[in-house]
Each structure stands twice: as structure tokens, then as C-alpha cells.
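Accompanying notes for the structure given below.
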Amino acid sequence: MAVIIKTFITPGGCSIFDRDVNSILNVKEEEFPAFQRVEAGTASDDDWRLLERYTSQGYLQETRLQEILHPATPLMKYHLDGSMAQLDLQMTCQCNLNCHYCVYSGNYKNQRTHSDKTMSLATIYKSIDFLMAHSRNVVEPVLGFYGGEPLLEYEKIKAGVDYVRTEYKGRSVRFTITTNGTLFNDEMLRFLEDNEFSVSVSLDGPKDLHDINRIYASNGGGSFDDIMANVRYIRENYPELFEKLLFLTTVAPGVDYSCVNEFYNADDILSDSSITSNSVNSYNATEEIIYDDLYRTTYTFQQMKVLLAALGLYDKKKISRLFVSGLSDVERFQKTLSKRTVVEKSHPGGPCLPGVMRPFVTTDGNIYACERVNESPSMVIGNIETGFDMEKVEAVLNVGWLTKEECMACWAFSHCALCMAACDGGATLSREERLKHCDSSKSALMEKIETVCMLLENGYDFNRLNKEG
């Protein structure tokens, strides 16, 4: 009898996570050893008699899972035909910066490198046509400009927007751009503001931290001063555009989270700006990316403040802006519990709908699921000229096929965070690569589960928003 659960202990007591019904259960301490034996597959008849009240309520049942299959598989052709939400264009592989952790830095296997490749106007126009043809069911599709540094190809960006305006007058389209923020001039800023661009600017915190990694390719000097001068100029002269700036912060190994947070809170220009943070991409790095104890301690401390604030035990105004979304993330996770159970045909969580959410087109017209995956043969899902390769789309949607046996028996099945990016073997999708990341994915899930338990144990009301509404 294959019953798949995960036992764990929190300060509030003993608990289990029942995979097939996607639920957390608090259990009695005297019952806990029996649950542990169920988890290990060694439960006796006496154990099952002890746990009968749970089995009678539908818990601790033999798993229904019989086949790994993403539920969207039969409908992918229809999703791809009309539901593409966003398309990002790799305008160039060139950049005026040479950031140490960048995916173009050459420090990643099967990944991008800086080169003189740029996207032709013909490919830009075909990509736009492709987006319009595949977004018929989307009210306002998004066209994104990416790089390298996309503003190096500013004239082509203008041409692309003009093409949308002239060829698709009846469609409402939003525009986004991700930039290092060093190349702005008045013409560019007027254009971005007039066309209501959402602009993401890379900024890693205060000068001493930012300039460690985000350096000019020409002389190795830091880029902080130029970016901040441009940001000040935008605030003073293009206020509507300034309101749409999002700052992207990468916290690299060796960087103190608290210093980054203090910078954003103290700076008079950025104190009210939208910011988001992430760690350095570890997939296919040529060298192991190791964060030190200071990083982990600071991260844990900031997360703790978020939770204390949720319980009314800490001033919300003192929460790090880099972590302010943490509680919302936990609440979204809690809402998924009990709502998505494992059925006969299921797939581990993780994969998006490749080609639907935000596909990425490279300078040569190849299509990838998003800009975060490697530019390797195993990741390509089509080409602007020939369309989607449905066999490849189905394979990356169902990456759980690679690790079928492990996934079938995994307690973290429904909440797995591993998508195709974790399976890149270069020429083919790799079972071995996927398995490398399993432990970290399960650890992250257990952290979420324990956080939900801690909040509930201390009286947090996850239904308060519904009651207030």
C-alpha cells in the first residue's frame, strides 16, 4: 500500500503533509511514530488501527497516481494558437556592461555569451506577427524588449513599436523593456514615456555593492553613478515614466542583504519605488555558487520580521522592502492547500505552459519557453519561421517523465518548483540534471509548509481578506 506523506515537527507540535489530498494535518504526539512508519512504508496492522480515524476521513489513502502527464498536454495546441500572453525579443547579444554573474558572462554551460549578434528588422516584424497571431484570446498582449542591452538597438525598438501601431491599429499592446539603465537620453526617454513602456532597471543596491559586479566592459569601472544620475533625471523630467520604473536587484554571494535594504529605504529617490530581488542563477553554472552564513542569517532574520509583522508583533514599516511580498507568497501557497489533489494522471508542479506565458525569441528566431532558460538545443521549442515544435513543447511541459519513478513516490509532487530550466543537458533534456535540484526544491517547500503551520499556531487568520471583502 503506497501512502505518501511527509512527517515534520514544529514548535506547535507534530504534523504531516498528506500528498494525495494536499493537506497539512496536526496529529497527536503519541500517534506520530505510527505516521513516521507509514512514511517509511513499514506501518504495522496496529499502526493502521491507531490511525483509523484519519483513514475514515479520506486521509492516508493509497496514492491514486498512475501516470505522469501534465493536464494541459491535450490542449497545448489550442493554448498556443490563441493565448500567448507575452513575447520577449532578444534585440542583441551585445552589452556595454560585463556583469560577473550575467548569463552572458561565459560562466554558464550551454548558455548565452556576448557577441555581435543582433535581431534583424525582418525577424522583429515576424515575431510581432507571431505574437499577434497567437494572442487572439488575450485582451492586451505584451511585447518585451530584452538583451544583452536592448537600448543598443534603440532604432530597431522604435521600428518594432511603429510596426505594431501601423499594422495592428485595432489591438491594444503593452510594451516592456529590461535595461541596465546606463544609455538613456532624452529621445529614448520621450519615446518610452509616450508609448507607456514599463521599464525594468538593474540596480544592485548601494555603490560599493553594485559596482562589485555591474561593471563596464570597456574599462572595468562601476556603473552605479551613471545609473543613478539617469534615474534622478527621469524623476525630474519624466515623472510618468518614473512611476513605471521597476528596479531589479540581484543579491550576489558575499553581498549583505541588510545593506541593500538600507540603501533603498534611505535613498530619497528610490524610497517609494518598486523593487524586486533575486539570487544568482545557479543552473548550469561552471562554478558552484555558494552563499555564506551572513546571507542565510540575514535572509532568515528578514523573513522572521515579515512573519512577526503578520502576527502584529512587529512594525510593518520596518519590514525590508526586498521581503515585503513574502507574506503574500505564503498566503498564495496556503490557498493552494486542499484545492489541488493528485489524480490518476498528474504532473509535478513547476512547468509553465511553454510558449504561452512569456516565450523568448533569440536573434536568430529560435523560440524558448522564457528568457531564463539556456540557449541550448534541448530548450528550443520552435522558430518564428516554422512555428512551434509540438513534440518539443510536449517534452518540456512533461519534464516529469525524466524522473518518473522518483516523482511518483515524492511527497512534494504537487508543489515541485522544477521546470525545464533545471533539466538542461545541452543536446537533450537530462534526468541527472533534474535530480540534482530535487533536494533544494523540497527544502523550499518544507519551509513554506512550516511557515504556514507557525502562523496558524500563533493565531494568524488566512481568511481575513475574504472576511474584510
For the stretch 11-40, which trypsin sites (Lys or Arg not before Pro) are in a loop by DSSP, counting at most 15 other Cβ atoms within 10 Å? LYS28
Taking the mean number of other Cβ atoms within 10 Å as a proxy for protection, how do you rank 290-300, 194-204 from highest to lowest? 194-204, 290-300
So between ASN458 and ASP129, what do we pick up on full extension, going 0.36 nm a residue minus the alpha carbon distance? 113.1 nm
Test of the criteria: in the stretch 156-185, which trypsin sites (Lys or Arg not before Pro) are in a DSSP loop and have at most 13 other Cβ atoms within 10 angstrom of their Cβ? LYS169
Which distance in Å, rounded to a whole number, links the C-alpha centroids of the stretch 282-308 and the stretch 58-75? 34 Å
Simple spin-label model, 7 Å along Cα-to-Cβ: GLU405 to SER271 in nm? 6.0 nm
Given +1 on the Cβ of Lys and Arg, -1 on the Cβ of Asp and Glu, and no further charges, what dipole in debye does the chain carry about its Cα centre, rounded to the nearest 20? 900 debye
Dipole magnitude (debye, nearest 20) for the stretch 73-322, charges at Cβ of Lys, Arg, Asp, Glu: 840 debye
Tell me the angle of helix 257-266 to the major Cα principal axis of the chain, expressed in degrees between 0 and 90 and rounded to the nearest ten. 50 degrees
THR336 and VAL324 label points (each 7 Å along its Cα→Cβ direction) are spaced in nm at 2.5 nm
A 19 angstrom limit on the alpha carbon distance is what I want to check against. Which of LYS404/LYS436; LYS126/LYS158; LYS305/LYS442; LYS207/LYS316 exceed it? LYS305/LYS442; LYS207/LYS316
Name the residues whose placed amide hydrogens come within less than 5 Å of the amide hydrogen of TYR291, ignoring near sequence neighbours (fewer than 5 apart) on the same chain. none
Of GLY170, GLY220, SER320, which is farthest on the positive side of the dipole of the chain, counting Cα position, with +1 on Lys and Arg Cβ, -1 on Asp and Glu Cβ, and the Cα centre as origin? GLY170
The stretch 367-440: which GluC sites (Glu not before Pro) are DSSP loop and have at most 15 other beta-carbon atoms within 10 angstrom? GLU385
Hey, can you grab everything whose amide H is under 5 Å from the amide H of THR10? Only 5+ residues off in sequence or another chain; H modelled, so Pro and N-termini drop out. SER15
Distance check, please: which entries in LYS77/LYS335; LYS77/LYS392; LYS6/LYS339 exceed 20 angstrom between their Cα atoms? LYS77/LYS335
Distance between modelled label sites at GLN61 and ASP208, nm, 7 Å Cα→Cβ extension: 5.9 nm
Can you compute 3J(HN,Hα) from phi for each residue in the stretch 452-458, using the Karplus curve 6.51 cos²θ - 1.76 cosθ + 1.60 with θ = phi - 60°, rounded to whole Hz and x for Gly and Pro? 4, 4, 4, 5, 5, 4, 10
So if we plug the beta-carbon distance of ASP194 and ALA122 into 1/(1 + (r/R0)^6) with R0 = 25 Å, what FRET efficiency do we get, rounded to 0.05? 0.45
Positive-end residue of VAL38, ASN137, LEU418, charge dipole of the chain with Cβ unit charges: ASN137
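Just so you know, all these numbers are worked out from the coordinates, no wet-lab data involved. Keep in mind that this is a model prediction, so the values were computed, not measured. Here Cβ is always computed from backbone atoms with ideal geometry, including for glycine, and neighbour counts include all displayed protein chains.
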